[in-house]
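Structure record follows, encoded as structure tokens.
Quick note: the coordinates plus some simple rules give every number you see, no bench work behind them. Because the structure is a prediction, the values reported are computed rather than measured. Ideal geometry is used to build each Cβ from the backbone, glycine not excepted, and the neighbour counts take in all protein chains shown.
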Amino acid sequence: MDEAKKTSEILKGIKNKHRRQKVFAAIQAEKSKEKHKLRAARAKEERENPQLKEERLANNVPETLETKRVFDETIATEIEGEDEFFELFNKSQRDPKVLITTSPNARKCAYEFADILMEFVPNVTFVKRKREYQMKEMAQYCNNREFTDLIVINEDKKKVNGLTFIHLPEGPTYYFSVTSLTTTERIKGHGRATLHTPELILNNFNTRLGKTVGRLFQAIFPAQPEVEGRQVITLHNQRDYIFFRRHRYVFRDEKKVGLQELGPQFTLKLRRLQKGIKDEIEWEFKADMERDKRKFYL
Amino acid sequence: MKFLVSADETGNVKEVHCSRGVDTSVKDGKQPLLVQTFLQKGDHTNVKNRVIKFKNYNHTWFIAARLGGFVSIYDLASETAECDLLHTYALPVESTDKPSSIVTQEEHNFLMVAFESGSVFIIYFKDNEFSFEPLRLQLREDLSDSQKLTAFVASPYSPGVFACGGRNTDLQVIRMFGANKKFKEADFKDAKNWKIKVLFEAENVEPDHLGIECPIWISQILFHKDSPKKGYRLITATRHGHIRIYNTIEDQEPVGSYKVSERPILTMAYANEDQDQVIITDNHTFVVRMSLVDVDAKAERIVSASAGTFYRPSLKMLGKYSEGGNTGAILDMEVSLDANIVAFGGLDRYLRVFDISSRKLLSKVYMGTQISCLEIMDDEDDDEADVDPETKEEEEFWDKLDDASDTKVVKKRKVEE
């Protein structure tokens, strides 16, 4: 504080702009030099005595939005009773069966995205969207053919911007927005995926709403992955954004694990959750939900 | 305050005791005194047969209408924490058919359970036993697949008079039995003894300026206390966002029809004793108190090439109940005018209690499951804050005494060891 005051006072007295800039640069350079010196000294000290470093790191944990998260009582409570996924997980032996389609009159990018999805969603069929059928009718069609999930890709202005998931037979319906899609080819050093059923990692789906979302993804992928494929899909939730990543792992030795990204990458954000097949709203994103930056819903 | 709340994901009903200021979403906030399951577990306590409607029968029984046509009767006077199951009626309806309402007639020892298919079952309790077969009546014979009776209510002002309506079936006021009728056992054996007389049949509103028919889908009906002589005044809410006011003497069409929401209205209840205000909720997060008499004449401006520019009236909005961050549709609410409170429950798994006039949130309780039906059992606040200090002082006094004696004992023990 004092130093900053000093700097500003020194600078105030100099009327020539160029000179002032020079002096300011010199002061900054000196400050950074000092900082580096301090750090070097500390590093030396810590190299001799590693315990000091541990202590310093333990004392200086940076505060993030996640650590400041406002209290949510639904995180601590277990799922009560049976939701729409209960039967699929606990009673029936049926494997997931998924139908993918697009919004009506979709452009090329929607079909490309459908191709991407079909690479990793197991037991999947693509059907070209016919304009005369509404979502509810399509859900009925899928119900009659024992599909467990219906995915509709939404395309707008030649960009994929949304994904609707309808869990069958009786909902719920999810609508996610899709952003930051990076296709496999654009990932440096990517691998080639195999057709094995991937393992699934769901990160940070903690609240009651988050669990409902997590269970959707759990329902789409078969409970028994083919481990020999060594492929894993990660859905990582951070600050209500869900990041999709796909990797192949290898155990190099007893300690080291290697990861190779398989792609694609994209980000989902829950916009709406409806009960049944597009019935009453259970949760909907509103812009003012972002006003409190420490409140997270998933 | 005590509430009963249906728990959709377990098929049970929960009992909640909470006082004002309870908020479970606040860390270290005031917690409810009691949240527990209310009904004894039975064969039908599951999601597929979850409780859609429930009602209290004469303060002795608890009637729960379940999905799949089951009506369970529980004993409210049971000594255990959970009410004992007395009997379950399996009514012969299709599995997709939903109960739309329960109407109790305590003075005549029967209750009516209406279904969306238009069937009404009369369950007669002969000598307070459950051996009597339920009697099936069909309110409307000619219902097609697209037609549903989603609303069926009894008039609280004239016995024997009911109103019904639903999807593609407009409002009807019917008389199911005379006001002074003495029921005999034979009446409950044969449907022929029930002559349903239609007192009033509503007509749909005129098509709009483009000639488009307004679709019919009534979700709620309320009888108004100031009915004209030999007629009725009713208020309906529709799943197309309308509130309609009917006066059966004046016109078959509604005397007022107002579009108040773009979305389906799910629940409606009077907000004051004068019955000139209602609280409505839609299938989104819109929960609002509206006036039935104050009309905003220029609510919506419509510019039409054929009909010119004109204004469509709507009802005045008196305020939203938005405190407490409601995120899901409200499926049921109940108003207690004596205590000036209203309770909401819905898909976001919270029970919220508001003050009707000030619209302040009084308590908010996380229920863990979705709520499709609720009831206020006791609207009086426990006022534990007033009682507590005295008892606390007493307790402390006794504790001190105990401590004094305890210390001596402890010392002795130490010596012994």
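General remarks:
- Taking the C-alpha atoms only, the angle from helix B:384-416 to the longest principal axis of chain B is near 30 degrees.
- Simple Cβ-charge dipole of chain B, Lys/Arg +1 and Asp/Glu -1, about Cα centre, in debye nearest 20: 1420 debye
- Listed peptides B:109-121, B:89-101, B:228-240, B:207-219 by packing density, highest first (mean Cβ within 10 Å): B:109-121, B:228-240, B:89-101, B:207-219
- The ranking of A:Ile75, B:Ile356 by Cβ neighbour count inside 10 Å, starting from the fewest, reads A:Ile75, B:Ile356.
- Pairwise centroid distance, computed over Cα atoms, of region A:159-223 with region B:11-75, Å: 35 Å
- Judged by the gyration tensor of its Cα atoms, with axes a ≥ b ≥ c, chain A is prolate; a/c meets the 1.5 cut and a/b is the larger of a/b and b/c.
- Structure-based [θ]222 nm, chain B - -39500 (n - 2.57) summed over DSSP H runs of at least 4, per residue, nearest 500: -3000 deg cm²/dmol
- Length added when fully stretched, A:Arg145-A:Thr194, from 0.36 nm per residue minus Cα-Cα: 14.9 nm
- Dipole orientation for chain A: of the candidates A:Phe113, A:Gln231, A:Ile277, A:Phe113 has the Cα lying most toward the positive pole (charges on Cβ; Lys, Arg +1; Asp, Glu -1).
- Cβ crowding within 10 Å, taken as a proxy for footprinting-reagent exposure, orders B:Cys164, A:Cys109 from fewest neighbours to most as A:Cys109, B:Cys164.
- Global geometry of region A:176-242, whether rounded, prolate or oblate, following the gyration tensor of its Cα atoms and the 1.5 cut on a/c: oblate
- Cα-Cα separations in region B:2-404 greater than 34 Å, expressed as whole percent: 35 percent
- Relative to the dominant Cα principal axis of chain A, helix A:50-59 is inclined by about 70°.
- Helix axis angle, A:108-120 relative to chain A longest principal axis, alpha carbon, degrees: 90 degrees
- Hz values of 3J(HN,Hα) by residue in region B:111-119 - Karplus curve (6.51, -1.76, 1.60), Gly and Pro given as x: 9, 10, 10, 9, 10, 5, 6, x, 7
- Sequentially through region A:191-207, phi angles give Karplus couplings (6.51, -1.76, 1.60; θ = phi - 60°) of x, 9, 6, 9, 8, 5, 5, x, 7, 10, 10, 10, 10, 6, 8, 9, 6 Hz, Gly and Pro residues having no value and appearing as x.
- Summed over qualifying helices (DSSP H, 4 residues or more, each -39500 (n - 2.57)) and divided by its residue number, chain A shows a 222 nm mean residue ellipticity of -10500 deg cm²/dmol.
- Using the average count of surrounding beta-carbon atoms within 10 Å as a protection proxy, the listed peptides A:16-25, B:9-18, A:224-233 rank, highest first, as B:9-18, A:224-233, A:16-25.
- Residues in region A:248-261 carry Karplus couplings, in order, of 10, 10, 9, 8, 6, 9, 5, 10, 8, 10, x, 10, 10, 7 Hz; the curve used is 6.51 cos²θ - 1.76 cosθ + 1.60 with θ = phi - 60°, and Gly or Pro positions show x.
- Sorted on the mean count of surrounding Cβ atoms within 10 Å across their residues, most packed first, peptides A:172-178, A:251-257, A:196-202 read A:172-178, A:196-202, A:251-257.
- Long-range lysine pairs (8 or more apart or interchain), region B:182-292, Cα under 22 Å: 11
- The relative contact order of chain B comes to 12 percent, based on Cα pairs under 8 Å that sit 6 or more residues apart.
- Shielding score for B:324-332, defined as the mean number of other chain Cβ atoms within 10 Å: 4
- Placing +1 on the Cβ of every Lys and Arg and -1 on the Cβ of every Asp and Glu, with no other charges, gives chain A a dipole of roughly 2440 debye about its Cα centre.
- Taking amide hydrogens as placed 1.01 Å from N in the peptide plane, the amide H of A:Glu226 sits under 5 Å from those of A:Thr197, each at least 5 positions away in sequence or on another chain.
- Taking B:Asp348, A:Asp83 and counting other C-beta atoms within 10 Å, the order from fewest to most: A:Asp83, B:Asp348
- Relative to the Cα centre, the charge distribution of region A:1-77, modelled as +1 at Lys and Arg Cβ and -1 at Asp and Glu Cβ, gives a dipole magnitude of about 1060 debye.
- Projecting label points 7 angstrom from Cα along Cα→Cβ for B:Glu129 and A:Asp95 puts them 5.7 nm apart.
- Computing FRET efficiency as 1/(1 + (r/R0)^6) for B:Thr60 and B:Asp274, where r is the C-beta to C-beta distance and R0 is 25 Å, gives about 0.15.
- Region B:231-342: C-alpha gyration tensor shape, a/c 1.5 cut-off, then a/b vs b/c: oblate
- Annotation: amide H-H contacts under 5 Å for B:Leu91 (H modelled 1.01 Å from N, sequence separation of 5 or more, or interchain): B:Phe70, B:Val71.
- Scattering curve values for the protein assembly as shown, log₁₀ I(q)/I(0), Debye with Cα scatterers, q = 0.09 Å⁻¹: -0.98
- Shielding by partners for peptide A:73-86, expressed as the average number of C-beta atoms from other protein chains within 10 Å of each residue's C-beta, is 5.
- Between amide H atoms placed 1.01 Å from N, distances below 5 Å from B:Ser78 occur with B:Asp84, all of them 5 or more places distant or on a separate chain.
- For B:6-14, mean number of other protein chain Cβ atoms within 10 Å: 2
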